[in-house]
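Engineer: My questions will all concern the structure given below.
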Amino acid sequence: MEAAEPNIRREKTRTVLSGQWTLAHHRLLKQLLVRETPPEGGVVLGEISALDTAGATQLANWLGIERLERVLVEEEGLQPERKALLQTLLKALKREAPPKVESVSPVIEFLTLLGQQTEQLARHFWQLSGFVGLVLQSMFAILLRPSRWRVTALVNQIHQTGLNAVPIVALLTFLVGAVVAFLGATVLGEFGAEIYTVNLVAYSFLREFGVLLAAILLAGRTASAFTAQIGSMKANEELDALRTLGLNPVELLVIPRVLALLITLPLLTFVAVMSGLTGGALVALVSLDIPLGQYLGILADVPLKHYLVGLVKAPIFAFVVAVIGCMEGFRVSGSAESVGRHTTSSVVQSIFMVILLDAIAALFFMEMGW
Amino acid sequence: MSKETVIEVSGLCNRFGRNSVHENLDLELYRGEILGVVGGSGTGKSVLLRSIVGLIRPKEGEVRLFGRNLLALPVAERSKLEQRLGVLFQGGALFSSLTVRENVALPLIEHAKLARRDAEELAEVKLALAGLAPHAGDLYPASLSGGMVKRAALARALALDPDVLFLDEPTAGLDPIGAADFDQLLLTLRNALGLTVFMVTHDLDSLWTACDRIAVLSQKRVLVADTPENVADYDDNWIQNYFNGPRGRAAYRAVQGN
C-alpha cells in the first residue's frame, strides 16, 4: 500500500484535495491545514484516496461545518459511502458544543475544597455514629431471638478472621517481643539492671502491645477484607437484591462479622501476649543468661490486673475495626475503583481509631492508677 | 466481489477443564462484511471472540488475522496488529478511573501519538458519532447508564479507526430506537471505512438489518455460515426455532417492510 501524503492543490477555480486523509497522517494534516487557508472557490474531494473519521474531522474543522455541507451537495465525484461518512460526521458535529467550564480563582477553589472536605468529614462521622447505632440495635434485636442467630456464618467468620490469623499474629508479636527484650537489655544493661528486661517485656505486652498489635493486624487483614467483600457486593447490586428479597443486609452480613471479631480479638490478644512473652524469654535466655525458670518466676509476680487492663480493650477495638470495615463496604459506589478506594480508607481509619482509642485508654488507666 | 479473507479460524478447539466448548471449529471472515454470530447460551460465542482477538490461547487449531497468527508474533508486531482491531466488550470494559473522553483518547495518545488536546478533540467527535450527549465526555463510567456505556465503549473501539471491529452484544441494553441507530451507524461506517465486523448478537433486528452473513454456533462448531435468508432456511431444529419463532418472523417482516 503506497502511503500518499495528504495534499492540497490549487487550480484556477477550484481546490483539489488528494492523498490519504487518515489518522496515520494526523500530524502532517494538521501542519498542512494550518498553512493553507480555506479556499473560496469549489472544493474537490473525489481524489482523496483514503478517508477515516480522524481525517474527516480535520477536514470539517478546516472548511467549517456549513461550508462542508455545501461542498457535499455540489460535489459529484465523491463516492457515496464517503459522502455518507461525512454526512454522519457532520450530523454528530452539529450538536451543541460541550459547555465551557468557567475558570475560578485558586483562592476560591481552595476555600471550596476546604469547605467540601470539612463537610464530608462531618458527614462521615455522622454516618459512622448512625451505623454504630444501627449495628447495636440490630444486634440486640437478634440476641433476644435465637432463631435468627446465624451460627454457620459466625463460625465461618471466626475461622477466617481468627484461626487463619493466628500464624501471622504469633510470628509478628514473637518478633516484637524479642525486639523489646533487646531494647531493654541495651538500655537497662547500662544501669546493671538487665533483670528488669523481663518486667519491661511483661508489662508492655500485657498492657499494650498484645492487644494493640493484634488489633492493628486485624485492621489491616480483616477490615480491608470486610470492605472488599461487602463493597464488591454493593458494586454488583447484590445488597439491593438482598433488600428486594426482604432480607436485611446489616443482619445478614454485618452482625456475623462484628460478633466474630468480638470473639476472635480477645483470643488473638491472648495469642499475641503469649507469643510476645516467648520472644522475650528467648532473648533473655540467649543473650542475657536469664534461665526460663527465673523468667517465669518474675512473670508470676506481675499482678493480673495488667493483663485485664490490656484485655478489656480488645472488644472495643474489635467493634471499631469491624464496624469501620463494614461501613466502608456499604459506602462503595458502583465501580471497582471505588472498592479499592474504600478498602484503603477502611484500613487507614481503623488503624487510626485503634491507636487513638489506645492512647485515650492509656491516659485513663494512668489517671485511675490501674 | 472478490473475497479477501481477513480472519481465518481453522480447527479451533477450546476446552476448560473437562468442559469442551469448541471442537474443530472453522470460520472465515471476509473484508468489508458484517458477520453476525448467533448461538444458544453457553455455545461459546464470547469464547470464540476472545480466542480470535488473542485473549484465550486455544488448545488446538489456529487463528490467523490478516494471514498471521497473533499468538506466535513478537510483542511489538503483535501490538501493531492489535491496533488494527477494535473490540467492544459485553460489559463495556471502560476504564473506571478515566473519564469517558479520556477512555477514548487513551489509544489515540498511546498509539497514534497525538497530542492530548488533539486526541481529546477527536475523542469528542467519536463520542458524538456513537451518539453520546455533549456533557457525557466529562463523566466517569460509574455514572453512565447502560446504553451510554455501550456507546462510549463503541467510541473507544472505533478510536483508532480499526480494520476489524469485534462487537459482543452491542445492542443489548439499548432501547429499540438506539439499537436501530446503532445498526445504521454500523452500516455507514462499514461502507465508508471498509470496516469488517464480527458481531455476537441476539438482536434479530440487527441480524436482518445489518448482517451480510450469519454464523450459527451449535454442537461445538459453526453449524452454518451464510446469508441471513439461507441460514433462516437451514434445516436444523434450533435454527428454525430461532429465526422462525414469533420474534424471528416479526423481525424479518419489519425488514421486508422497509
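Please treat every number below as a calculation from the coordinates, not as lab data. All of these numbers come straight from a predicted model, not from anything done at the bench. Here Cβ is always computed from backbone atoms with ideal geometry, including for glycine, and neighbour counts include all displayed protein chains.
Engineer: What does the charge add up to near B:Asp168, with Lys and Arg as +1, Asp and Glu as -1, over the other residues with Cβ less than 14 Å from its Cβ?
Structural biologist: +2
Engineer: For A:Phe191 and A:Ser103, calculate 0.36 nm times their separation in residues minus their Cα-Cα distance, and state this gained length in nm to one decimal.
Structural biologist: That works out to 25.0 nm of additional length.
Engineer: Just tell me which lysines come within less than 27 Å, Cα to Cα, of B:Lys3; anything on the same chain fewer than 8 places away is out.
Structural biologist: The qualifying lysines are A:Lys83, B:Lys45, B:Lys80, B:Lys220.
Engineer: Just for the range A:7-93, what percent of DSSP beta bridges are antiparallel, to the closest 5? Walk me through the numbers on the way to the answer.
Structural biologist: Values: 4 of 10 bridges.
For the range A:7-93, the DSSP antiparallel bridge percentage is about 40.
Engineer: Here is a follow-up. Could you name the aspartates and glutamates whose alpha carbon sits less than 12 Å from that of B:Lys59, not counting residues in the same chain fewer than 8 places away?
Structural biologist: B:Glu23
Engineer: Just the projected area, averaged over all directions, of the convex hull on the alpha carbon atoms of chain A: how many nm²?
Structural biologist: 34.0 nm²
Engineer: Moving on to the next point. So if the hydrodynamic radius of the protein assembly as shown is defined as the Kirkwood radius over C-alpha pairs, what does Stokes-Einstein give as its diffusion coefficient at 20 °C and 1.002 mPa s, in µm² per second?
Structural biologist: Values: Rh = 30.1 Å.
The diffusion coefficient I find is 71 µm²/s.
Engineer: Let me ask something else about it. Run the simple label-point estimate for B:Ala254 and B:Ala115 please: 7 Å along Cα→C-beta, distance reported in nm.
Structural biologist: 4.6 nm
Engineer: Right, here's the next one. Scan chain A and hand back the longest stretch that contains none of the GluC sites (Glu not before Pro) lying in DSSP loops with at most 15 other Cβ atoms within 10 Å. Working shown, then result.
Structural biologist: On the way: sites that count: A:Glu2, A:Glu11, A:Glu36, A:Glu40, A:Glu47, A:Glu76, A:Glu96, A:Glu102, A:Glu190, A:Glu237.
Result for the longest clean stretch: A:238-370.
Engineer: Still on this structure, please answer the following. Find the centroid of the Cα atoms in the range A:262-332 and in the range B:1-59, then give the distance between the two in whole Å.
Structural biologist: Result: 59 Å between the Cα centres.
Engineer: With point charges of +1 on the Cβ of Lys and Arg and -1 on the Cβ of Asp and Glu, referenced to the Cα centre of the protein assembly as shown, which listed residue (A:Leu183, B:Gly11, A:Ala225) lies farthest in the positive direction of the dipole?
Structural biologist: Highest projection toward the positive end goes to A:Leu183.
Engineer: In addition: Count neighbours as other Cβ atoms within 10 Å of each site's Cβ, and list the trypsin sites (Lys or Arg not before Pro) in the range B:1-47 that are DSSP loop with at most 12 such neighbours. It would help to have the intermediate numbers written out before the result.
Structural biologist: Values: sites: B:Lys3, B:Arg15, B:Arg18, B:Arg31, B:Lys45; in loops: B:Lys3, B:Arg18, B:Arg31.
Counting only loop positions with at most 12 other Cβ atoms within 10 Å, the trypsin sites (Lys or Arg not before Pro) in the range B:1-47 are B:Lys3, B:Arg18.
Engineer: In what order do B:Cys13, B:Cys211 fall by count of nearby beta-carbon atoms within 10 Å, going from fewest to most?
Structural biologist: On the way: B:Cys13 17, B:Cys211 23.
So the residues, fewest neighbours to most, are B:Cys13, B:Cys211.
Engineer: Continuing with the same structure: Taking a spot 7 Å from the Cα of B:Glu229 along the direction of its beta carbon, which residues of the range B:194-222 have an amide N less than 13 Å from it?
Structural biologist: The answer is none, because no backbone nitrogen lies closer than 13 Å to the label point.
Engineer: Can I ask one more? Looking at the range A:189-283, which chymotrypsin sites (Phe, Trp or Tyr not before Pro) are in a loop (DSSP not H, G, I, E or B) and have at most 10 other Cβ atoms within 10 Å? Mind showing how you got there, number by number?
Structural biologist: Numbers: sites: A:Phe191, A:Tyr196, A:Tyr203, A:Phe205, A:Phe209, A:Phe226, A:Phe270; in loops: A:Phe191.
Qualifying residues, ordered by number: A:Phe191.
Engineer: Now a separate question. Counting only C-alpha contacts under 8 Å and six or more residues apart, can you give the relative contact order of chain B as a whole percent?
Structural biologist: In percent, rounded to a whole number, it is 24.
Engineer: To continue, here is another question. Which cross-chain or sequence-distant (5 or more) residues have an amide H under 5 Å from the amide H of B:Val21, H modelled 1.01 Å from N in plane?
Structural biologist: The answer is B:Asn14, B:Arg15, B:Phe16.
Engineer: Can you give the FRET efficiency to the nearest 0.05 for A:Leu296 and B:Ser20, using r as the Cβ-Cβ distance and R₀ = 56 Å?
Structural biologist: 0.30
Engineer: Mind putting a number on the dipole of the range A:7-93 about its Cα centre? Charges go on the C-beta only, +1 for Lys and Arg and -1 for Asp and Glu, and I need it in Debye to the nearest 20.
Structural biologist: For the range A:7-93, the charge dipole is close to 280 debye.
Engineer: How large is ³J(HN,Hα) for each residue in the range A:235-246, as worked out from phi by the Karplus curve 6.51 cos²θ - 1.76 cosθ + 1.60 (θ = phi - 60°), to whole Hz, x for Gly and Pro?
Structural biologist: 4, 8, 6, 5, 5, 5, 4, 4, 4, 5, 7, x
Engineer: Subtract the Cα-Cα distance of A:Glu76 and A:Leu183 from 0.36 nm times their separation in residues, and report this length gain in nm to one decimal. The partial results should precede the final answer.
Structural biologist: Numbers: separation 107, 0.36 × 107 = 38.52 nm, distance 9.09 nm.
This chain segment gains 29.4 nm when fully extended.
Engineer: Could you compute the FRET efficiency for A:Leu28 and B:Asp212, with r as their C-beta to C-beta distance and R0 at 30 Å, rounded to 0.05?
Structural biologist: Details: r = 35 Å, r/R0 = 1.15.
Once the sixth-power term is evaluated, E becomes 0.30.
Engineer: Here is a further query. Quick one: grab the alpha carbon gyration tensor of the range A:7-93, order the square roots of its eigenvalues as a ≥ b ≥ c, and give me rounded if a/c is under 1.5, else prolate or oblate depending on whether a/b is larger than b/c.
Structural biologist: Details: a/c = 1.32, a/b = 1.03, b/c = 1.28.
Taking the square roots of the gyration eigenvalues as a ≥ b ≥ c, the range A:7-93 is rounded.
Engineer: Project the alpha carbons of chain B onto their principal axes and report the range along each, largest first, in whole Å.
Structural biologist: 55, 47, 40 Å, listed from the longest principal axis down.
Engineer: Taking only C-alpha pairs under 8 Å that are 6+ residues apart, what is the relative contact order of chain A in percent? Don't skip to the answer; put the middle values down first.
Structural biologist: Details: 442 pairs, mean separation 65.1, N = 370.
Relative contact order comes out at 18 percent.
Engineer: Using Cα atoms only, what is the angle between the long axis of helix A:151-161 and the major principal axis of chain A, expressed in degrees (0 to 90) to the nearest 10?
Structural biologist: 90 degrees
Engineer: Per residue of the range A:276-286, what does 6.51 cos²θ - 1.76 cosθ + 1.60 with θ = phi - 60° give for ³J(HN,Hα)? Whole Hz please, x for Gly and Pro, Karplus curve as stated.
Structural biologist: Values, residue by residue: x, 5, 5, x, x, 4, 5, 5, 4, 5, 7 Hz.
Engineer: Applying 1/(1 + (r/R0)^6) with R0 = 35 Å to the Cβ-Cβ distance of A:Leu282 and A:Val312, what FRET efficiency is obtained, to the nearest 0.05?
Structural biologist: Plugging the Cβ-Cβ distance into 1/(1 + (r/R0)^6) gives 0.80.
Engineer: For B:Val37, enumerate residues with amide H under 5 Å from its amide H, sequence gap 5+ or separate chain, H modeled in the peptide plane.
Structural biologist: Here B:Met199, B:Val200, B:Thr201, B:Ala215 satisfy the definition.
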